[in-house]
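Read the figures in this text as sums done on the coordinates, not as results from a lab. The structure presented is a predicted model; accordingly, all values stated were derived computationally and were not measured. Note: ideal-geometry Cβ built from the backbone for every residue, glycine included; neighbour counts use all protein chains shown.
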Amino acid sequence: MRRTMVAGNWKMNGSLETNSELLRALVAAPRAACEVVVCAPFPYLAQARQLLDASAIALGAQDCSVHERGAYTGEVAVGMLAEFGCSHVIVGHSERRAWHGEADAVVAAKAQRALGAGMTPIVCVGETLQQRELGETEAVIGLQLDAVLHLLGARLPELVLAYEPVWAIGTGRTATPEQAQQVHAFIRARAHRHGADADAVRVLYGGSVKPDNAAELFAQPDIDGGLIGGASLNARDFLAIVDAA
Ligand code: PEP
């Protein structure tokens, strides 16, 4: 039985003041039935760790270095994230792939680093609008996934996958539950083909999830929760999405 997860990706948003307000509201809410993760920007991890301390909400980062340590200016190692209480880290977000040229192999190596540090990587995959319109959705996601499967294979159930169609991120345009389900089923089948225990792999959906569309998306058999961007910055919206899960 897969445990549902809702993870908030704050991206490059927040301040000491607004983080404090948001996290206090999340901590004050009744304990959720699903797993809840908040992925904060690096400088705010210590603040978030402190505010989440007595709660069941887990802390995550939004990226990590592919290297263990050394002369990599600006990079943050998984060991550092673990020291700051991060149990999760997003890797391969489409914004990192697009703006920082992260290739599939780099994303897979980051996921491996995270596992090595005892953390759960949340590995994002997804197609652009152009790729979808050209009928390339499964080919693109298949390649993104294969890089992870080749490196981590049977360890797949230890990580979390997130299907995030690039055309649905921050656009207000959500995949229909049927569109999302179709890709989630494809991801699970691909994992199965590579010998992973596909039924144990959690696959989140991300892309303009809001309180009013979350329940319908999460009701799909292969959708195990959500990776939430914009709506994770508002306590009421994020908690409503957590409730829907
Ligand atoms: C994201 O960036 O991971 C995301 C899903 O963003 P949004 O919910 O704002 O579309």
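Residues being within 15 Å of the ligand (Cβ to nearest atom) and either among the aromatic types (F, W, Y) or in contact (Cβ under 8 Å) with a residue 24 or more places away in the chain (or both): count how many of those fall in region 185-213.
10
So, E216, is that one away from the ligand (no atom under 14 Å from the Cβ), more than 17 Å from the chain's Cα centre (by Cα), farther than 26 Å from A32 by Cα and part of a helix (DSSP H, G or I) or not?
no
Which of the residues that make up region 198-228 are within 17 Å of P121 (Cα to Cα) and surrounded by fewer than 22 Cβ atoms within 10 Å (Cβ to Cβ)? Step through it out loud before you land on a result.
If we filter region 198-228 for residues that are within 17 Å of P121 (Cα to Cα), which is where we start, we get 198, 200-206, 224-228.
Matches in region 198-228: A198, A200, V201, R202.
Per-residue answers, yes or no, for (1) within 15 Å of the chain's Cα centre (by Cα); (2) buried (at least 19 other Cβ atoms within 10 Å of the Cβ); (3) within 16 Å of the ligand (Cβ to nearest atom):
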{"position": "Q130", "(1), (2), (3)": "no, no, no"}
{"position": "E133", "(1), (2), (3)": "no, no, no"}
{"position": "T137", "(1), (2), (3)": "no, yes, no"}
{"position": "V140", "(1), (2), (3)": "no, no, no"}
{"position": "D146", "(1), (2), (3)": "no, no, no"}
{"position": "L151", "(1), (2), (3)": "no, no, no"}
{"position": "P157", "(1), (2), (3)": "yes, no, no"}
{"position": "V160", "(1), (2), (3)": "yes, yes, yes"}
{"position": "E164", "(1), (2), (3)": "yes, yes, yes"}
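Could you please find all residues in region 219-230 being without any contact (Cβ under 8 Å) to a residue 60 or more places away in the chain and within 14 Å of the ligand (Cβ to nearest atom)?
I223
Looking at G170, is it under 21 Å from E102 (Cβ atoms), of a type in the set (G, A, S) and in a loop (DSSP other than H, G, I, E, B)?
Taking the combined requirement at face value, the residue satisfies it.
Looking only at region 231-244, filter to residues that are crowded, with 22+ Cβ neighbours inside 10 Å and of a type outside the set (V, I, T); which one of those is nearest to the ligand (Cβ to nearest atom)?
S232
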